[in-house]
Amino acid sequence: MKRVILHAGLPKTGSTSIQSMLCDRADELAELGICVMSRTTTTRQVSRAARTFLNNKAVFPAFLWAALKLRLAIISQSCTTILVSNENLLGLYSSEMFGRNFENRSRLLVNTLLLVLRGCDVSIVLYDRDASSLHRSALKQRWNKSKEISEDEWYRKFPDPLVPSRYIEAMKTSFPGLVECVRMEDEISAGHYLGERLLEMSGASVLGPPQKTYHENVGSPSPKASERDAIDAPYGAEVSNVPDQ
């Protein structure tokens, strides 16, 4: 039986840094029987199909087909443990995750993944972050990509910073023992590192912390956010060559 760990977000919780760390340590992980699938063509297909389904822009079979392709990619791996990392795997993107309640459709997506990965030991890991900090970081990402919304408009349109946290709690309640939440702040505190829990779950904690320091991508500041940069500063700046979501 293959052990499959799905790191599925949330966006803006250090995913780019985690994926950079996993890719840099892929050889070390392979020696322990752990394969890394991070931002592959297959995982991108799953995330795109999930996104369009969540936004009522595609029929469900598109996601089912992408999930079946993910299964084929997983079972073709020679390793006994497969670590899949894509923060958009369940269709949530930073510019959208504050706007709607995706819980019901997300449950269907998770149940589909469990169905197609039947016979595997599956765990889903969702990273969370301080609500106000995540809210600001998502605004910066939106502004950096399109500059179509001002900061005032963002806070009027998406006034509730707790939407992602409630989403995670709903997933944990719906899938007890399957979905685990990791706080980003816990892993960037002294003596810890981003991705530490993923390595523990994979059986790779023996590797210890990486030699290289990775930093979360906090995006470009919005026009009015400069005075808040000091709050996000401890998370650093983007240093990896892994493309952002």
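Of the helices (runs of 4 or more DSSP H) that lie entirely inside the stretch 130-195, those containing 1 or more residues that are of a type in the set (Gly, Ala, Ser) span 131-146, 163-174. Of everything in the stretch 117-128 that is assigned to a loop (DSSP other than H, G, I, E, B) and touching a Lys or Arg at 6+ places or on another chain (Cβ under 7 Å), the residue that is surrounded by the fewest Cβ atoms within 10 Å (Cβ to Cβ) is Cys120. Looking at the structure I just gave you, is Val122 on the phi < 0 side of the Ramachandran plot and at pLDDT 95 or above? Yes, satisfied.
Conditions tested, residue by residue: (1) surrounded by 21 or more Cβ atoms within 10 Å (Cβ to Cβ); (2) part of a helix (DSSP H, G or I).
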{"position": "Leu83", "(1), (2)": "yes, no"}
{"position": "Leu89", "(1), (2)": "yes, no"}
{"position": "Met97", "(1), (2)": "yes, no"}
{"position": "Arg100", "(1), (2)": "no, no"}
{"position": "Leu115", "(1), (2)": "no, yes"}
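Considered as a group, the residues in the stretch 104-134 that are touching a helix residue (DSSP H, G or I) at 6+ places or on another chain (Cβ under 8 Å) and of a type in the set (D, E, K, R) include one that is nearest to Leu199 (Cα to Cα), and that residue is Asp128. Summed over the stretch 176-211, the residues that are among the β-branched types (Val, Ile, Thr) and over 21 Å from Arg166 (Cα atoms) give a count of 2. Spot the failing condition for Ala233; the list is (1) modelled with pLDDT of 90 or more; (2) part of a helix (DSSP H, G or I); (3) loosely packed, with under 13 Cβ neighbours inside 10 Å, and only one is missed. Failed condition: (1). Where helices (runs of 4 or more DSSP H) fall entirely within the stretch 1-79, those with at least 3 residues that are in contact (Cβ under 8 Å) with a residue 60 or more places away in the chain are at 15-24.
Condition check ((1) of a type in the set (Ser, Thr, Tyr); (2) within 29 Å of Arg136 (Cβ to Cβ)) across all residues:
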residue: Glu31; (1), (2): no, no
residue: Phe63; (1), (2): no, no
residue: Leu70; (1), (2): no, no
residue: Ser78; (1), (2): yes, no
residue: Glu103; (1), (2): no, yes
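For Val206, the criteria (1) more than 18 Å from Ser15 (Cα to Cα); (2) at pLDDT below 50; (3) of a type outside the set (S, T, N, Q); (4) outside any loop (DSSP other than H, G, I, E, B) hold in every case but one, which is (2). Among the residues of the stretch 63-115, which ones are of a type in the set (Val, Ile, Thr) and within 15 Å of Ser174 (Cα to Cα)? Those that are of a type in the set (Val, Ile, Thr) and within 15 Å of Ser174 (Cα to Cα): Val110, Thr112.
Just so you know, in the stretch 161-213 the residues that are of a type in the set (Val, Ile, Thr) and over 18 Å from Ile5 (Cα atoms) include one that is surrounded by the fewest Cβ atoms within 10 Å (Cβ to Cβ), and it is Thr173.
The values are calculated or read from the model by the stated rules, or taken from the named source; none is laboratory data. In this text the structure is predicted, and so the values were computed from the model without any measurement. Virtual Cβ from ideal backbone geometry, glycine too; neighbours counted across all protein chains shown.
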